[in-house]
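Below: one structure, written as structure tokens.
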Amino acid sequence: MNKRHTPDYLAGYPPALRQQVATLIEHGSFAAALRRRYPQAHTVRADGALYDYVQALKAEHMRSAPPLGKVRFDNTLHVIRNALGTHTAISRVQGARLQAKREIRIATLFRAVPEEFLRMIVVHELAHLRVRDHDKAFYQLCLHMEPDYHQYEFDLRAYLSYRDAGGEALWGGRGEDDAPA
């Protein structure tokens, strides 16, 4: 008997929930269910629009956090390498001062997904401005910025499992292979 391997994207979830997602995917009903929940993709396509989107969330929830030097979509980030977004701080010496330039890069996959998925990954990367590790304080900050953070994360992970199983992009675009705008 050939048993289907549970996708790594859902590894941290209970077996019954993983099996439910796998069954929906196998029976071909997952895509319709996810499209009902999230009918359309967001309109943030260019790096400048992404920068404005991130800055607005930061201004709303994290006014005293360090400034961001750059925010952009990055087609070198791939889900397969377990990176949906990154937050980096590049330190440079300027005179007698050490200056850190912070950057957030979001996987190009997020150009053609619902706004909820984009918001979830942006909230995740913004939380890293304050909390480095994925600990209780980190997820409390994520929930402060987006109360439905965990639901969006689960739905995104289920979508990634669907794509990994050979499913087509649901909101137009080719996902992480899209060329930058």
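On the basis of the beta-carbon distance and an R0 of 41 Å, residue 8 and residue 63 show a calculated FRET efficiency of 0.65.
Extension gain, residue 55 to residue 103, is 16.1 nm, computed as 0.36 nm per intervening residue step minus the present C-alpha separation. Modelled spin labels at residue 148 and residue 115, positioned 7 Å past Cα toward Cβ, are 1.1 nm from each other.
Taken along the Cα-to-beta-carbon direction at a fixed 7 Å, the label points for residue 131 and residue 31 span 3.7 nm.
Of the residues 42, 134, ranked by 1.4 Å probe accessible area with the largest first, the sequence reads 134, 42.
Ranking 38, 9 by solvent-accessible area of protein heavy atoms (1.4 Å probe, all protein chains present), from largest to smallest, gives 9, 38.
The values are calculated or read from the model by the stated rules, or taken from the named source; none is laboratory data. Computed from a predicted structure; not experimentally measured. Because the Cβ atoms are built from the backbone with ideal geometry, glycine has one as well, and the counts that use them run over all protein chains shown. Please note that ligands, DNA and RNA were not included when accessible areas were found on the heavy atoms of the full protein model with its side chains. Shrake-Rupley method; radii C 1.70, N 1.55, O 1.52, S 1.80 Å.
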